[in-house]
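Right, one structure below, let's go through it.
What follows draws every value from the coordinates through simple rules; no lab data is involved. Everything quoted here is computed from the prediction, not taken from an experiment. FYI the Cβ positions are ideal-geometry reconstructions off the backbone, even for glycines, and counts take in every protein chain you see.
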Amino acid sequence: MIVNPVNKDDSRSAARLRSQLFKNSISTKFGKGYLTSVFEMYRLSDDFIIFIVKDNDVCVGYIVGQFSKRAITGLGSISTTIKYTFWNGVFAVFLRPWLIPEVFLKFKILNKIKIIIKSFFINKQSSKNKNLNDNKKLLVLIDFGVHPEFRKKLIGFRLFSQVESFAMQNNISSLEASIIKENPVKKMYEYLKWDIIEKSDCFVMQKNLTKNANK
């Protein structure tokens with residue numbers, strides 16, 4: 001069953017799945033506490049939407065979207081979320097100083113720290129008055145994962161369908177996502193009628209829901 005996470009146990013379960021799927025990512029190396037704080041932020045913030053699939057009360061799939069007026073391309077989910085969990089990230093690195101060189105390399109730090117810090121303060125200032133109807137016409141998918149044992153059970157398609165239904169019910173006109181070129185999930189996006197709108201370090205893909213609704 002596809003549901004919204006309802007408590008911290010759901011966030012922990014989703015974080016555990018992500019750490020299994022992306023063992024070499026920076027966010028996984030930051031530790032379970034950091035990942036749980038990220039999923040708690042997804043659950044509690046009005047800037048995000050998250051759906052999970054549970055089997056025997058364990059998360060076996062999830063999808064995360066961020067409300068935006070434009071996709072932030074080329075940064076990845078860790079850069080997108082760290083502005084919301086900034087101090088959690090700082091604390092995680094403080095406990096793991098050996099990660100500092102990798103963090104600098106990952107973010108090309110001088111330039112991206114400016115983006116992250118600027119976005120952090122802008123979001124702190126503006127989040128007080130944000131709501132779903134605040135001219136948010138774009139939903140950017142920033143994270144998605146399905147447990148390997150459940151990948152032939154159409155969970156991914158069901159999660160995407162749930163996000164699309166949610167978006168259309170809330171007058172969101174399009175979905176976007178940035179996908180690493182080598183990521184095999186690109187084939188699923190193409191099967192679901194997403195279009196490539198930009199090519200750089202990654203593919204920026206979009207699905208125009210207004211166009212689909214008018215067919």
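General observations
- Extending 7 Å from the Cα toward the beta-carbon at both Leu44 and Gln20 defines two label points whose distance is 2.6 nm.
- Ordered by the number of other Cβ atoms lying within 10 Å of each residue's own Cβ, fewest first, Asp10, Asp143, Asp46 fall into the sequence Asp46, Asp10, Asp143.
- Once backbone amide H atoms are built at 1.01 Å from N, Val60 has Val53, Lys54, Asp55 as its partners under 5 Å, excluding neighbours fewer than 5 places away on the same chain.
- Relative to one another, the C-alpha centroids of the range 150-185 and the range 1-67 are positioned 16 Å apart.
- Going from the residue with the fewest nearby Cβ atoms within 10 Å to the one with the most, Cys59, Cys202 rank Cys202, Cys59.
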